[in-house]
Amino acid sequence: MDSEEARKIVQPSSGVHIILPDYYSPQNMGLLDPQTSDGRVIFFLPWLGHTMAGTTDSPCGVTHHPEPTEEDIQFILQEVRTYLSPDVRVRRGDVLSAWSGIRPLVLDPSKTNTQSLARNHLIIVSDSNLVTIAGGKWTTYRHMAEETVDKAVEVCRLKTTHACSTRGLMLEGGHNWTPLSFIRLVQDFGMDTEVARHLSSAFGDRAGKVVKVSRSGGGV
């Protein structure tokens, strides 16, 4: 933003995941291979009573509604076949759902290899002390924010009253949650225990409100 000569550092990448029946993976064990037939990462993991498999890593444009392509789905299925017993037929019809997301891979401007993309985040400080954060992913946003603010404090010599406190801040739903909170959902709403466990782990102490809103619209 502070230089017209700055080169592009973000490369959008499409990642596709699919959901398969539970028998594709053991209940408490998953697999990740960082070096597949074309160099991409593949994994399949037990997830909410099913198996999640992915992912692709393909350059793409930015869109508000990314969609998985049949080519991506077939790539995942083909890779999954190499890890399973020949007795297990990996069928296209077993794909229960599929979705695509866009991840901002980032090119380190300090490296001469323009083809090397980082899958973590990078913090870049320009000659004018403009601090840029690029890359990363949703699950690390608090860590990214902490490092970015710390870097801004350092390079701009800002005065602070205390160190970063994000590690001690709970997300919404965590303040009154306990591992036994799901029991209250079972007792108050008469729902199945597994459903209550899922809602409690996903929404914490806000799970009861989620159930009330859903039931007011005819759900759950």
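Scanning the range 123-144 for residues that are within 22 Å of SER13 (Cβ to Cβ), free of Cβ contacts under 8 Å to residues at least 60 places away in the same chain and not polar (S, T, N, Q) yields ILE123, ILE133, GLY136, LYS137, TRP138, TYR141, HIS143, MET144.
Checking ALA152, ALA163, ALA145 one by one, the residue that is open to solvent by less than 90 Å² (accessible area, probe 1.4 Å), within 24 Å of the chain's Cα centre (by Cα) and not acidic (Asp, Glu) is ALA145 and no other. Of everything in the range 128-142 that is over 17 Å from the mean Cα position of the chain (by Cα) and crowded, with 16+ Cβ neighbours inside 10 Å, the residue that is farthest from LEU117 (Cα to Cα) is VAL131.
Restricting the range 109-145 to residues that are of a type in the set (A, V, I, L, M) and not in a strand (DSSP E or B) leaves a set whose member that is nearest to ALA6 (Cα to Cα) is LEU130. With respect to VAL106, determine if the residue is open to solvent by less than 60 Å² (accessible area, probe 1.4 Å), in contact (Cβ under 8 Å) with a residue 24 or more places away in the chain and part of a loop (DSSP other than H, G, I, E, B). It is false that VAL106 is open to solvent by less than 60 Å² (accessible area, probe 1.4 Å), in contact (Cβ under 8 Å) with a residue 24 or more places away in the chain and part of a loop (DSSP other than H, G, I, E, B).
Cβ separations smaller than 8 Å between residues 6+ apart or across chains give no pair from the range 196-216 residues that are touching a residue at least 40 places away in the same chain (Cβ under 8 Å) to residues that are crowded, with 18+ Cβ neighbours inside 10 Å and outside any helix (DSSP H, G or I). Please work out which residue is nearest to GLU71 (Cα to Cα), limiting yourself to the range 1-41 and to residues that are over 20 Å from the mean Cα position of the chain (by Cα) and among the charged types (D, E, K, R). The residue in question is ASP38. Does HIS175 meet the test of being farther than 30 Å from SER13 by Cα and either open to solvent by 60 Å² or more (accessible area, probe 1.4 Å) or over 22 Å from the mean Cα position of the chain (by Cα) (or both)? Spelling it out, HIS175 is indeed farther than 30 Å from SER13 by Cα and either open to solvent by 60 Å² or more (accessible area, probe 1.4 Å) or over 22 Å from the mean Cα position of the chain (by Cα) (or both). The set of residues in the range 1-29 that are more than 24 Å from LEU117 (Cβ to Cβ) and open to solvent by 40 Å² or more (accessible area, probe 1.4 Å) comprises ASP22, TYR23, PRO26, GLN27, ASN28, MET29. Per the listing THR69, THR56, the residue uniquely among the hydroxyl-bearing types (Ser, Thr, Tyr) and crowded, with 17+ Cβ neighbours inside 10 Å is THR56.
Among residues of the range 30-51 being open to solvent by less than 30 Å² (accessible area, probe 1.4 Å) and either touching a His at 6+ places or on another chain (Cβ under 9 Å) or farther than 20 Å from LYS137 by Cα (or both), the one that is modelled with the lowest pLDDT is THR36.
The values are calculated or read from the model by the stated rules, or taken from the named source; none is laboratory data. Since we're looking at a predicted model, the values are computed, not measured. Cβ sites come from the backbone with ideal geometry, for glycine too, and all protein chains shown count toward neighbours. Side chains included, ligands, DNA and RNA excluded: accessible areas come from the protein's heavy atoms. Shrake-Rupley method; radii C 1.70, N 1.55, O 1.52, S 1.80 Å.
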